[in-house]
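Have a look at the structure below, then the notes.
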Amino acid sequence: MNAPAPDQTRDENCLFCKIVAGEIPAQIVHTSDHSVAFRDVNPQAPTHVLVVPKGHYPNAGAIAQQAPSMAADLITTARDVAAQEGLDNGYRLVFNTGEDAGQTVFHVHLHLLGGRPLEWPPG
Ligand code: DGP
């Protein structure tokens, strides 16, 4: 149901491409034309949602360069999910990029965290 449009890329070995395509289950909380938002399997806050593009891009820099409107859609979708989740007191958006940042899934995903006070700096 969320299959990428023909002009969108897909990596056959990618976990998040399979979630987007509905081939692996996830708790989807919101979809837009270009993005899918689902709950993180290992939540770090009362609300922890991942917003991913329907097409495959390995990281934030790649999607910003190759499809800037889809990069913007990740952020507006995260804003809409934050409103839907009632995060009126604030929330955090994070793109982990590369090994040192702890990126483990190489399909860009925007972490939306909220529902408790969040410390800074992160670990
Ligand atoms: P990162 O470390 O930034 O690459 O974040 C990857 C996140 O993906 C991590 O917080 C856990 C989450 N995750 C990994 N596998 C799955 C899965 O199969 N389903 C869901 N919903 N989340 C997953």
Test: residue in segment 10-25 that is touching a Cys at 6+ places or on another chain (Cβ under 7 Å), among the acidic types (Asp, Glu) and over 29 Å from Pro117 (Cβ atoms): yes
For Thr77: the one exception among (1) more than 14 Å from the ligand (Cβ to nearest atom); (2) outside any helix (DSSP H, G or I): (2)
Segment 27-54 - residue that is away from the ligand (no atom under 12 Å from the Cβ), assigned to a loop (DSSP other than H, G, I, E, B) and out of contact with any Ser or Thr (no Cβ under 8 Å at 6 or more places or on another chain) and, of those, nearest to Asp80 (Cα to Cα): Asp33
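A quick yes/no check of all residues on (1) more than 15 Å from the ligand (Cβ to nearest atom); (2) surrounded by 17 or more Cβ atoms within 10 Å (Cβ to Cβ); (3) among the polar types (S, T, N, Q); (4) not in a helix (DSSP H, G or I):
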| residue | (1), (2), (3), (4) |
| --- | --- |
| Pro58 | no, no, no, yes |
| Val81 | no, yes, no, no |
| Asn89 | yes, no, yes, yes |
| His107 | no, yes, no, yes |
Output for segment 48-67, where each listed residue is closer than 16 Å to Arg10 by Cβ and touching a residue at least 40 places away in the same chain (Cβ under 8 Å): Val52, Pro53, Lys54, Gly55, His56, Tyr57, Pro58, Ala62, Ile63
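FYI, it's all coordinate maths here, none of it is from the lab. Computed from a predicted model, the values in this text were never measured in an experiment. In this analysis, Cβ positions are derived from the backbone assuming ideal geometry, glycine residues included, and neighbour counts consider all displayed protein chains.
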